[in-house]
Each structure stands twice: as C-alpha cells, then as structure tokens.
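K.L.:
This is the structure, below, for whatever I ask next.
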Amino acid sequence: MRVSRQILAAAKPHTYISKLHSKSAAGQEGLVAAARRNASYAASLHAALSNPPLDMGVSPFDLIKTDLKHMTGSLKSLVQSDHPVLTTVAEYLLCGSEGKRIRPSLVLLMARACSNGAEPNHNQQRLAEITEMIHTASLLHDDVVDLSDTRRGQPTAHVNFGNKVAILGGDFLLARSSIQLARLKNVEVVEIMSMVIEDLVKGEIMQMRDTWECVSSLDHYMEKTFNKTGSLIAHSCKASAILGSHDVETADVAYKYGRHVGMAFQLVDDLLDLEGDNNKLGKSAQADLKQGVTTAPLIYALEENDALAPLMQRQFKEDGDVEMAYDLIARSTAAERTRAAAEKHCHDAIDQISRLGASPAVESLAAITHKVLNREK
C-alpha cells in the first residue's frame, strides 16, 4: 500500500520536520560555500588588476578571435549601398582602420560569460556589429565637432571627404544599425539601444553648452562621461544578456560591469590626453584643453588650485592658457586621483562580473579591465 507524504508526515511529524530542517541547512551551507568560492575567485581577479606587471595569463580576445574575424566581413556587407560615396565613408573607419574593437568584444564575451561558455547566438553576434556601427558613427560626428585631423593614425573622414559627407556617413551608419536592431525583434533591446543614441547626443551637448557651475562639477563630468562613453558599453552588455534569454539579475550584472568599464575607459582617455604619446595614440595628445573640453584631471586640479577657474571660464582661448593649465595640473595630484578613480571602476567591474562564476569568458572580461586601465592608446 502506498502512503502519502502528508499522512507519513502526520504520523511522524518530528522525523519529517527534521528532514526539512536538514535539507534547509544543507541548502544554506551550499549558498555559503558558493559565496566563498565567488569571493575567492573575485579576489584572484582583483589581485591581478592591482599588480600590472603580473600577467593574468589570459588574452581577452582569444575566445572570440573567430567571431571578430567574421565580424569584419559582415560589417562590410551591412554597409553596402547603391550610392558608392556612402559605402566608402562608412567603410573608412568601420573596416579600413580597425580600432580596438573593445565594444563588440565585450558584447561577445558577455554572451559567453552569461551562458557558461556557450557560443554567442546569431542575435548576439549581430548586436556586436550594431554596437560597432553606432560607435563608429559617433566617431565620424565627433571628429567634425572636435575639428580632429587624425584618428587611428590616419586622416579623419572629414579631412578626406569633407564635413558634410562625414556627417552623412555617420547618419548612414546609424540608419543601418537601426534597421539591424529592428530585425532582432526584441522590443526591450530596441528600446535600450535606442536610448544609447539619445545619450550620445545629450553627452555632446553637455560638453558644448553647459554653464560654468556644471562644467566645474565632477558630478556633471561623470554624467557627461556616462552619456558619451559608458552608455553604449553598459547597454550593449545588458542587451547581450537579454538576447541570451537570461534573467533580470544577470542582465543587471552585465549592465553594471559595462558601466564601470565605460567610465574607466574615459578616465584613462583623459590621462592619455595629458601624458600620451602621439604616435601610440594615433591622434593628437593634449588636444582636449585646446578644444575647451573639461576632463577629470582638470576638475581634480581645480579643486586644489582655483587659479584654473578663469582659464576654464574663457575655455583656454588666450595665449598661454593651455600651457598654464597643463602646468597647474602637473603640479597637482590630479593625474593620481584620475587613475585611482579609473582603477576603482575596474575593481567594481570585476566585483560584478565575478558574480557570474568562474569561466574563461569571465576571466577574459576581467582581463579587459586590466587592458583598459593600462592602455597606451
């Protein structure tokens, strides 16, 4: 005769409850053990980041070499047009002088990290391409606004093709990326990636038009930096998790990781403008102040020496302003504070990504924070 679990429990309540407590205790012990493993794993990743000479033993791009190679050919096919000028200007930066490919690499690695190493699906691969198209469009526009002459060691698009064609080439890339985004048929991803384009525009306006009270504020700088740099990385990482059908918590981890990496990337970019080598950068160093752009080192230096205030207010337009500003920055702790802020964002990114558990993809994402923090171009 079969006896139901309820009857058995009623007959032997103490035995049944004891078993429940035993299972609950075992579950709690399992959670504690998992938390300890994650904490230990995160600590090992932090240690590697804190000691730059230490080789993390991981090339961040090894896992996705084939994906990235395929992406270049796919991008060329996505920007073909019946008007050859549009195709030429779109390919100029997108395919002709490949950059670091950091953003699509993060999308592809995040897809693997969230799926215990499984290869990115078709939509995640297409998202990586969309992310690179949006980024390249922003570079075409930025170079016109900033009057930049070189990018990745070669003349900028507007130098070669003129301002109007360069702007229209950026618009064309945004249009093509929007078409591909719609074809993903995921409303949430369409919405969050569309927000990125709005953020890019807001960030540029914040840089160009805001009041002195805003320009001299570190909070304002951080908001501008998120809009111009962090938003695309954060939202594309989140979209990668969503397209892998992962839960809200995993998507949030992906978003926060991307946000911290994006913020660190721009802080290091500000440092390179101060200390970088023109040949390594592939563009002019010490250009930001000449264009009246407020950077993190400038704001940190302003906190230590208010002699910078009148120079900033007139956007370094008088003879000797730029040289004086760089001298005041050099005599402050601004560079050290900027690097410390970038390093903290990298550690915060590692805290987030280590929550996904140990895997080669997670280690690659951690290794990218090391590359971001110690890059020279």
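K.L.:
When Ala358 is evaluated against the numbered criteria (1) open to solvent by 30 Å² or more (accessible area, probe 1.4 Å); (2) at pLDDT below 95; (3) out of contact with any helix residue (DSSP H, G or I) (no Cβ under 6 Å at 6 or more places or on another chain), which criterion, by number, is the only one it fails?
P.N.:
The failed condition is (3).
K.L.:
Would you point out the residue of the stretch 140-161, among those that are touching a Lys or Arg at 6+ places or on another chain (Cβ under 7 Å) and either among the polar types (S, T, N, Q) or not in a strand (DSSP E or B) (or both), that is surrounded by the fewest Cβ atoms within 10 Å (Cβ to Cβ)? Steps first, answer last, please.
P.N.:
Pass one, the stretch 140-161, residues touching a Lys or Arg at 6+ places or on another chain (Cβ under 7 Å): 143, 148, 150-151.
Filter once more, keeping what is either among the polar types (S, T, N, Q) or not in a strand (DSSP E or B) (or both): 143, 148, 150.
Values: Asp143: 24, Ser148: 19, Thr150: 16.
Across the stretch 140-161, the extreme among qualifying residues is Thr150.
K.L.:
Among the listed residues Ile134, Ile179, identify the single one that is assigned to a helix (DSSP H, G or I) and over 18 Å from the mean Cα position of the chain (by Cα). Lay out the reasoning, then the answer.
P.N.:
Numbers: Ile134 fails: over 18 Å from the mean Cα position of the chain (by Cα).
Of Ile134, Ile179, the one residue that is assigned to a helix (DSSP H, G or I) and over 18 Å from the mean Cα position of the chain (by Cα) is Ile179.
K.L.:
Here's another thing I want to ask about it. Check Leu93, Leu108 and return the single one that is modelled with pLDDT under 85, in contact with a helix residue (DSSP H, G or I) (Cβ under 8 Å, 6 or more places away or on another chain) and within 30 Å of Gly170 (Cα to Cα). Give the derivation first.
P.N.:
Details: Leu108 fails: modelled with pLDDT under 85.
Selected residue: Leu93, the only one of Leu93, Leu108 that is modelled with pLDDT under 85, in contact with a helix residue (DSSP H, G or I) (Cβ under 8 Å, 6 or more places away or on another chain) and within 30 Å of Gly170 (Cα to Cα).
K.L.:
With the requirement that a residue be crowded, with 20+ Cβ neighbours inside 10 Å and over 13 Å from Gln313 (Cα atoms), what does the stretch 208-225 give you?
P.N.:
Result: Tyr221, Lys224, Thr225.
K.L.:
Which one of these does Ser332 not meet: (1) under 18 Å from Ala287 (Cβ atoms); (2) in contact with an Asp or Glu (Cβ under 7 Å, 6 or more places away or on another chain)?
P.N.:
If we test Ser332 against (1) under 18 Å from Ala287 (Cβ atoms); (2) in contact with an Asp or Glu (Cβ under 7 Å, 6 or more places away or on another chain), just (1) comes out false.
K.L.:
Sort out which residues of the stretch 182-200 are hydrophobic (A, V, I, L, M, F, W, C), more than 20 Å from Leu94 (Cα to Cα) and assigned to a helix (DSSP H, G or I), and write them in order of number.
P.N.:
If the condition is that a residue be hydrophobic (A, V, I, L, M, F, W, C), more than 20 Å from Leu94 (Cα to Cα) and assigned to a helix (DSSP H, G or I), then Ala182, Val187, Val189, Val190, Ile192, Met195 are the ones that fit.
K.L.:
Considering Glu132, Glu119, which residue is open to solvent by 50 Å² or more (accessible area, probe 1.4 Å), within 24 Å of Ala234 (Cβ to Cβ) and of a type in the set (Asp, Glu)? Reasoning before the result, please.
P.N.:
Values: Glu132 fails: open to solvent by 50 Å² or more (accessible area, probe 1.4 Å).
On inspection, the qualifying residue turns out to be Glu119.
K.L.:
Further, regarding this structure: Only residues that are buried (at least 19 other Cβ atoms within 10 Å of the Cβ) and either free of Cβ contacts under 8 Å to residues at least 12 places away in the same chain or not in a helix (DSSP H, G or I) (or both): list them for the stretch 102-116, please. First the steps, then the outcome.
P.N.:
The initial filter retains those residues of the stretch 102-116 that are buried (at least 19 other Cβ atoms within 10 Å of the Cβ), namely 102-115.
Across the stretch 102-116, the qualifying residues are Cys114, Ser115.
K.L.:
Do you know which residues across the stretch 333-348 are open to solvent by less than 70 Å² (accessible area, probe 1.4 Å) and without any contact (Cβ under 8 Å) to a residue 40 or more places away in the chain? Walk me through it before giving the result.
P.N.:
Of the residues in the stretch 333-348, the ones open to solvent by less than 70 Å² (accessible area, probe 1.4 Å) are 333-335, 338, 340-343, 345-348.
Passing the criteria: Thr333, Ala334, Ala340.
K.L.:
Among the residues of the stretch 293-332, which ones are open to solvent by 20 Å² or more (accessible area, probe 1.4 Å), of a type in the set (A, V, I, L, M, F, W, C) and assigned to a loop (DSSP other than H, G, I, E, B)?
P.N.:
Matches in the stretch 293-332: Ala307 only.
K.L.:
With respect to Lys164, determine if the residue is part of a loop (DSSP other than H, G, I, E, B) and more than 22 Å from the chain's Cα centre (by Cα).
P.N.:
On the way: part of a loop (DSSP other than H, G, I, E, B): no; more than 22 Å from the chain's Cα centre (by Cα): yes.
For Lys164, the condition - part of a loop (DSSP other than H, G, I, E, B) and more than 22 Å from the chain's Cα centre (by Cα) - is not met.
K.L.:
On to the next question. What's the number of the only condition in (1) surrounded by fewer than 17 Cβ atoms within 10 Å (Cβ to Cβ); (2) more than 20 Å from Ala287 (Cα to Cα) that Ile205 fails to meet?
P.N.:
Here Ile205 meets the rest and fails (2).
K.L.:
Inspect all residues belonging to the stretch 206-213 and state whether any of them is within 17 Å of the chain's Cα centre (by Cα), farther than 25 Å from Leu365 by Cα and assigned to a helix (DSSP H, G or I). Before the answer, list the steps.
P.N.:
The initial filter retains those residues of the stretch 206-213 that are within 17 Å of the chain's Cα centre (by Cα), namely none.
Checked the stretch 206-213: no residue is within 17 Å of the chain's Cα centre (by Cα), farther than 25 Å from Leu365 by Cα and assigned to a helix (DSSP H, G or I).
K.L.:
Oh, and also: Arg176 is checked against (1) open to solvent by less than 50 Å² (accessible area, probe 1.4 Å); (2) closer than 26 Å to Glu91 by Cα and fails just one. What number does that condition carry?
P.N.:
(1)
K.L.:
Now, a different point. Among the residues of the stretch 235-278 satisfying the criterion of being among the charged types (D, E, K, R) and open to solvent by less than 20 Å² (accessible area, probe 1.4 Å), which is modelled with the lowest pLDDT? Walk me through it before giving the result.
P.N.:
Looking only at the stretch 235-278, we keep the residues that are among the charged types (D, E, K, R), and these are 238, 247, 249, 252, 256, 259, 269-270, 273, 275, 277.
Then drop every residue that is not open to solvent by less than 20 Å² (accessible area, probe 1.4 Å), which leaves 270, 273.
Numbers: Asp270: 93, Asp273: 87.
Once the filter is applied, the top-ranked residue is Asp273.
The values are calculated or read from the model by the stated rules, or taken from the named source; none is laboratory data. What you are looking at is a predicted structure, and each value in this text was computed from that prediction instead of being measured. For neighbour counting, all protein chains shown are included, and Cβ atoms are generated from backbone atoms with ideal geometry for every residue, glycine included. Calculation scope for accessible area: heavy atoms of the full protein, side chains included, ligands and nucleic acids excluded. Shrake-Rupley method; radii C 1.70, N 1.55, O 1.52, S 1.80 Å.
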